[in-house]
1. To the nearest 0.05, how large is the calculated FRET efficiency for residue 345 and residue 69 if R₀ is 41 Å and r is the Cβ-Cβ distance?
2. To test your reading of the geometry: what angle, between 0 and 90 degrees and rounded to tens, separates the Cα axis of helix 257-270 from the longest principal axis of the chain?
3. Relative to the longest principal Cα axis of the chain, at what angle does helix 479-488 sit, 0 to 90 degrees, rounded to 10?
4. Considering the alpha-carbon set of region 416-485 alone, what are its Rg and its Dmax in angstrom?
5. Highest mean first, what order results for 438-445, 512-519, 4-11 on Cβ atoms within 10 Å?
6. Taking only the alpha-carbon atoms of region 277-397, what semi-axes of the equivalent ellipsoid follow from 5 times the gyration tensor eigenvalues under a square root, in whole Å, largest first?
7. What do you get for the angle between helix 439-448 and the principal long axis of the chain? Use alpha-carbon atoms, 0 to 90 degrees, nearest ten.
8. Sorting 372, 50 on the 10 Å Cβ count, fewest up front, what's the list?
């Protein structure tokens, strides 16, 4: 294995934010690693999903949403995986990508890409402002096993993971549990977020633990507005698919060109909505500053009654009913008599009248000339805010994603073809069979950590170079005390079979198999005395364990 290859393959083990950004095939490799994991196949056997066999993939996916909400927390503890140095990371990846490009597109390096994030002080929002100078946190993506292992950490009641971990979880669960073909799952990465676009019905976007349908995307609630933030304001850096990837900084893409064009069309359709009664009501919910210019009209016992927009939205708070959806009549029934007026409220435009004008004039809200006409119509009521209101309305109804542009070259290969009807054993056998011709499949086994199927050097490199938590945890302890604490830990890995945890996973979750503990000790010894020669056998044999993963791995390779 060449040195350059070892760097990439070791990155498949640690899966930091920077590593996925520089080596975009790693994103899908983690999805495949999760698909190989027994965890999702155990989910498929859960009664909650077993009873949905034969039901639509959409219905199963909607059930998956609640399952994920119940079982996982969103983790944004930047110190979970320790700290590193900007200079070290820039030097490490200097042969792959220019430092100025990293700075433009990565939050850890200042993130100078989008004005929106300066306006909202995004570094403070994510807690990055606490890191000054050269020190930055690792942002590592967790396997499903590591996500589940958060239950072993103090302060966590459930599993946990950051956005990239949750997006890979959803992609794997969509395939294994919900039966959605890989062809219909697209991973969308921005500098600060990771989401999936699932191409069923009108489209579904995964957003951390939630799923966002097209009606939900445009409903104007705070949750939906937050879900929109990344695609609305950031450059999409990577789109990953079972046919390959496209990266905003690389001249060559491996994704199938036709599938990428299909994705852009389908995502564009998802992000585009018509001007209707419902969507205008959603707009006013999102942009509450314009409510003061509008009123709603209803008929009650044959008479017209009027209510201020902000009064009606006030009734929405704490209610299950919403304006102009199928529950609107029930919401209106809850409005107090004193909030109704038998006369049109002076200085306010009826929302119903506005939509009637738009329909009569065939207004295209995205057309600049029609925007001017529309602004003129509402100007007697909205006055100096008329143009901004219509401009914001047009932006609300259509999001223009900044996707990677067509590259200089599409260098495609055979896609990864997994069948949702296959067993886990068939999936692993197939991925094993294509490793020589598909690097994403090959890297998946390193993300999966099956040491019977991997070269050990990338794992070892990752263990002794990028595991600062285990160093810091025992920094004040002698080697004897460190050894005592390691042997006192539960003698159980978070991974099954011949799969290995990294030293920082052992340190974070306070459990590990014998060889995993040995790697923790080796990491500490190497940091304290870099010139000392280490021999694995004596360290490993001192750790009493019920199951020797090293022996399993060596036997399998003989």
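1. Values: r = 41 Å, r/R0 = 1.00.
Taking R0 as 41 Å, the efficiency between residue 345 and residue 69 is 0.50.
2. 40 degrees
3. For 479-488 against the chain, the angle is about 70 degrees.
4. Here Rg and the maximum Cα pair distance are 18.0, 53 Å.
5. Numbers: 438-445: 23.4, 512-519: 25.8, 4-11: 18.8.
My ranking of the peptides, most packed first, is 512-519, 438-445, 4-11.
6. Values: eigenvalues 121, 47, 35 Å².
Its equivalent ellipsoid spans semi-axes of 25, 15, 13 Å.
7. Roughly 70 degrees, rounded to the nearest 10.
8. On the way: 372 13, 50 10.
The most exposed by this proxy come first: 50, 372.
Since every read-out is calculated from the coordinates, none of them should be taken as a lab result. From a predicted model like this one, the values you see are computed outputs, not experimental measurements. Using ideal geometry, Cβ is built from the backbone for each residue, glycine included, and neighbour counts are taken over all protein chains shown.
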